[in-house]
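Just below is one structure, and these are the notes that go with it.
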Amino acid sequence: MKSAAKALSEDTSETGAQQIRDAIRDAIVERRLSPGTKLSESDVGNLFNVSRTLARAALQALSYEGLVSVEKNRGAFVAYPSPEEARQIFSARRLVEPGILREAAARITPIDIKRMKELLLEEGRLMSERGQTARRAEIKASGDFHLMLAEVSGNAIMQRFMEELVARSSLVIALYGQSTASSCGHSEHGDIISAIETKDLDRACQLMLHHIAHIEADLDLRERKSLGLKEAFEL
């Protein structure tokens, strides 16, 4: 006969795997987990106090989203996107986000506008603070602006897709970003909200495209030629 604890664990296994997946995704977005970080099933299981089976399910779900790379006989690692993958991620954002913005603008309420402005105030406050904790919170608040627009659009599938794009963008910025500036321009977020408020959607979409281009322009996506062992030490 199964114990009550085991039965509960099995009944909630799908929810548990999703919670672990979401927690790891948040750590990637906030850049607490760097590209290439090893994610062993045993370590994930011990950290979240779950079985290796549940940890494996969470890591597999993250691999479907492109956030984790599972390698045969080596295990799972935080993904290490190539320059071409990075370009494709931002190309996808340019295609998707203006549409999300228009859908959100059609449904947005004064309460939604208030929430977004409060998020901008928090983002601005964190920008003035120092320290790694504040920096991580600022990065998360910056990504949350884009996720909030997806939420307001009312399209749950698109919202989930944006969660993946924001997380994968964070990986790309961690690898290829050149400046210490916010990964998402704070003032540009404010300009987008203002355009939505005045119902100037063409301008809002143009601002969004400029905003995404601004983020991508800070990346160094040049291909690097790999050197052999001897060449590397002759430099």
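The values are calculated or read from the model by the stated rules, or taken from the named source; none is laboratory data. If you're wondering where the values come from, they're calculated on a predicted model, not measured in any experiment. What goes into the accessible areas is simple: the full protein's heavy atoms, side chains included, and nothing from ligands, DNA or RNA. Shrake-Rupley method; radii C 1.70, N 1.55, O 1.52, S 1.80 Å.
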### Task
Report, by residue number, each residue of the stretch 52-62 that is open to solvent by 30 Å² or more (accessible area, probe 1.4 Å) and either outside the structural domain of residue 35 (by the TED database) or within 14 Å of residue 18 (Cα to Cα) (or both).
53, 56, 57, 60
### Task
Could you check residue 121 against (1) at pLDDT below 95; (2) open to solvent by less than 10 Å² (accessible area, probe 1.4 Å) and say which number it fails?
(2)
### Query
Which residues, taken from the stretch 121-146, are more than 17 Å from residue 166 (Cα to Cα) and of a type in the set (A, V, I, L, M, F, W, C)?
121, 126, 127, 134
## Note on the structure
In the set 100, 108, the lone residue that is more than 25 Å from residue 217 (Cα to Cα) and at pLDDT 95 or above is 108
